[in-house]
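Q: One structure is given below, represented as structure tokens, and several questions about it will come after.
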Amino acid sequence: MFPIPYIARHLKRALTLRPLSVFLTLLACSLAGTLLALSVYAVDLARTASLVPVSASSMMVYIKGRPTTEAIERLRQDLASLPGIERIIFIPRAEGLKRMRHWLGADNPLVADLEADELPDAFEVRLDPNHMDQAQTLAVRIGHLAAIEDVRYNQGLMGHLAGSYRGIMTTGIIFAAGLILCLGLIVFLTVRVSLEGRRDEIEILTLLGADRLFLYTPHVMEALGLCIAGAVLGCLLAGYLVEALRAHISILQGVMGAFNLWQAAVVIVLCMLLSLTGVGLALRR
Amino acid sequence: MIAIENAAKVYDGGVTALSGVSLRIEKGECCCIQGPSGAGKTTLLNLIYGLERPTSGSVEVAGINPARASHATLQGLRRHMGFAFQDFKLVEGWSAYENAAVVLEMAGKPRSYVRSRVWKVLEWVGLQHRMYERAADLSGGERQRLALARAVVHTPEIILADEPVASMDQMSAQVVMNLIFRMHKRGMTVIIASHGKDFLNEGTSLIRLNHGMIEDA
């Protein structure tokens, strides 16, 4: 049975004797909780994006050098032999320049003095609607053909996120590990300060026969309380930030979901585990 | 209940506090240990409570040797004893109530019981009006009474009192000794160590200690 009045008195004493320390610890926990929540959100968003098929319907395939008509025809056949391609349209460089002037405006300095010979010939490859989720694989295969200079297609934001999933996940894990270490240190130091403040008290209670559970439960509760409060505040702040981004940047609305309860649960559980680790380390010393 | 066989205690500096002390205190006994300062009274109580280990000989309390017991066993044994320390060992920043209540909280007693029991015991020692004062703000005599209240509040099987009336006036001392003897009449085993001779004749046995040896029992 937990000595609840004794723990409550300890917590009250901690709040009244060192309010600034408790406030700063809570603030640090909240900031770390916010960053942890955003890391979890970013990784989860990238993971979700990686599960969504890429929405490209066509891609531009740029040809190396100045190919002959025969070479262009051979290349067209090579492309046609690949799965998932519905239609291949050859776009000579003059046509390419015309399209660029149409998109950018004829007066645009980027294209105003541009000569058609400075551009490559290209194929516009239209994808079969049933194979659109394989655009990335197809682009890689086309890119490996000897006569091909470059392959470009519009992945959209989700596509970019999906392509960067591993990078985002690795960065997120490193960032989260750093935050967890910082939060663990905060808990460790808070408990050490609290233990130092109770040195005489612990000595006397030990003389009276107190066991370790009785002596140290208040510290575990204090650290858990601070970490959980920090994690909850952090999740609320992260949720607010995500909503603010969605509200002010319209392009993100279709891509970013709200910060959800599962993500909050992951953050809170992580904070609880590391607070227990921090307390454990502080009490072992 | 308490058996001490040929116990000796020599401190690091070579000072002999106890030498060949053998003693047997039965359950329900009230043993008074009397002797001048430096006679070894506190050391003897510390050996019984497991605060110190004998250099030679053995000490057994309720079948447990405190010097050889594990930390958990020793702490369990201590929870069945009450020790009114000579230097009180009160948590200075805590109120009188908190100092007395903590022993019951350690034992997992319900809050209502803790409240009523602490109130009653503080009333016995005349401290109920100072219940919410910090221990640091109490006078020497009050602190001594509070230390005794903490030692008896959980109705332990054994009460050890080291100079329980040393810093009290005659009237307060009478109140405190009456309380101790009342505990004894309730069946508790009581060991009182004192340099003075007052009140000690009311115990069931009297041991005179001098230079670490039993002079007269």
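Coordinate-derived values only; no laboratory data. What you see is a predicted model, and the numbers here were worked out from it, not measured in a lab. As a convention, Cβ positions derive from the backbone with ideal geometry for all residues, glycine included, and neighbour counts pool all protein chains shown.
Q: For the stretch A:161-210, I need the span (max minus min coordinate) of the C-alpha atoms along each principal axis, in Å, sorted largest to smallest.
A: 63, 18, 10
Q: Could you tell me the largest-minus-smallest coordinate of the C-alpha atoms of the stretch A:1-115 on each of the three principal axes, in descending order and whole angstroms?
A: So the three principal-axis extents are 89, 40, 21 Å.
Q: How big is the dipole moment of chain B about its Cα centre under a simple scheme where the beta carbon of each Lys and Arg is +1, that of each Asp and Glu is -1, and everything else is neutral? Debye, nearest 20, please.
A: Charge dipole, chain B, about its Cα centre: 700 debye, nearest 20.
Q: Now for a separate question. When the Cα atoms of chain A are enclosed in a convex hull and the volume is divided per residue, what value in Å³ results? Intermediate values should be presented prior to the final figure.
A: Working: hull volume 54.8 nm³, N = 285.
About 192 Å³ per residue, rounded to a whole number.
Q: In what sequence, highest mean first, do A:30-38, A:229-237 appear when ranked by Cβ atoms within 10 angstrom?
A: Numbers: A:30-38: 24.4, A:229-237: 21.9.
So the peptides A:30-38, A:229-237, ranked by packing, come out A:30-38, A:229-237.
Q: To continue, here is another question. When you look at the Cβ of every residue in A:207-219, what mean number of other chain Cβ atoms sits within 10 Å?
A: Neighbouring Cβ atoms belonging to other protein chains average 5 per residue here.
Q: Right, here's the next one. Between rounded, prolate and oblate, where does the stretch B:73-118 land on the alpha carbon gyration tensor, with a ≥ b ≥ c its root eigenvalues, rounded for a/c under 1.5, else prolate if a/b exceeds b/c?
A: oblate
Q: Sticking with this structure for a sec: Under a Cβ-Cβ cut-off of 14 Å, what is the net charge of the residues other than residue B:215 that fall near it, where Lys and Arg count +1 and Asp and Glu count -1?
A: Values: positive: B:41, B:197, B:208; negative: B:216.
Residues close to residue B:215 contribute a combined charge of +2.
Q: Starting from the Cα-Cα distance between residue A:74 and residue A:134, subtract it from 0.36 nm times their residue separation and give me the gain in nm to one decimal.
A: Full extension of this stretch gives 19.3 nm more.
Q: Evaluate peptide B:99-106: per residue, the Cβ atoms of other protein chains within 10 Å of its Cβ; return the mean as an integer.
A: Taking all residues of B:99-106 together, the mean is 5.
Q: Starting from the amide H of residue B:84, placed 1.01 Å from N in the peptide plane, find each other amide H under 5 Å away whose residue is 5 or more places distant or on another chain.
A: Sorted by chain and number, the residues that satisfy this are B:160, B:161, B:162.
Q: Would you work out the charge dipole size for the protein assembly as shown about its Cα centre, treating the Cβ of every Lys and Arg as +1 and the Cβ of every Asp and Glu as -1, and quote it to the nearest 20 debye? Don't skip to the end; give the middle numbers.
A: Details: 49 positive and 46 negative charges, 256 e Å.
Computed charge dipole of the protein assembly as shown: roughly 1240 debye.
Q: Same structure again: What full-extension length gain, to one decimal in nm, is calculated for residue A:112 and residue A:145 as 0.36 nm per residue of separation minus the Cα-Cα distance?
A: Contour length minus the Cα-Cα distance gives 8.7 nm.
Q: State the dimensionless ratio Rg/Rh of the protein assembly as shown (Rg: radius of gyration of Cα atoms; Rh: Kirkwood radius).
A: On the Cα set of the protein assembly as shown, Rg over Rh gives 1.35.
Q: Looking at B:75, A:144, B:86, which one has the Cα that reaches farthest to the positive end of the dipole of the protein assembly as shown (charges on Cβ: Lys, Arg +1; Asp, Glu -1)?
A: In the protein assembly as shown, that residue is B:86.
Q: Take every Cα pair under 8 Å in the stretch B:14-96 that's 6+ residues apart, average their separations, divide by the length, and report that relative contact order as a whole percent.
A: With pairs under 8 Å counted, the relative contact order is 19 percent.
Q: Sticking with this structure for a sec: Across chain B, what fraction of all alpha-carbon pairs, as a whole percent, falls in each successive 10 Å bin from zero upward?
A: Spelled out per bin, shortest first, that is 9, 35, 36, 18, 2, 0.
Q: Pick out, in residue order, every one of the GluC sites (Glu not before Pro) in the stretch B:5-45 that is DSSP loop and has at most 16 other C-beta atoms within 10 Å; say none if there are none. Please list the in-between numbers first.
A: Details: sites: B:5, B:26, B:29; in loops: B:26, B:29.
In loop regions of the stretch B:5-45 (DSSP not H, G, I, E or B), the sparsely surrounded GluC sites (Glu not before Pro) are B:26.
Q: Taking the beta-carbon count within 10 Å as an exposure proxy, list B:41, B:185, A:98 from fewest neighbours to most.
A: Starting with the residue having the fewest Cβ neighbours, the order is B:185, A:98, B:41.
Q: A further question on this structure: What length, rounded to one decimal in nm, is gained on full extension from residue A:81 through to residue A:236, with 0.36 nm per residue of separation minus their alpha-carbon distance? It would help to have the intermediate numbers written out before the result.
A: Numbers: separation 155, 0.36 × 155 = 55.80 nm, distance 5.30 nm.
Going from the current span to full extension adds 50.5 nm.
Q: Something else about it: For residue B:209, enumerate residues with amide H under 5 Å from its amide H, sequence gap 5+ or separate chain, H modeled in the peptide plane.
A: Result for residue B:209 returns B:34, B:35, B:215.
Q: How large is the direction-averaged shadow of the alpha-carbon convex hull of the stretch A:161-264, in nm²?
A: Taking a quarter of the hull surface, the average projection is 8.9 nm².
Q: Also: Grab the protein assembly as shown and count how many Lys pairs have their alpha-carbon atoms under 27 Å apart, sequence gap of 8 or more, or different chains.
A: So the count works out to 25.
Q: Using a Förster distance of 35 Å, how high is the FRET efficiency between residue A:88 and residue A:249, based on the Cβ-Cβ distance and rounded to 0.05? Show your work: numbers first, answer last.
A: Numbers: r = 37 Å, r/R0 = 1.04.
Between residue A:88 and residue A:249 the formula returns 0.45.
Q: Among A:204, A:91, A:173, which one moves the most in a GNM of chain A with springs linking Cα atoms closer than 10 Å?
A: A:204
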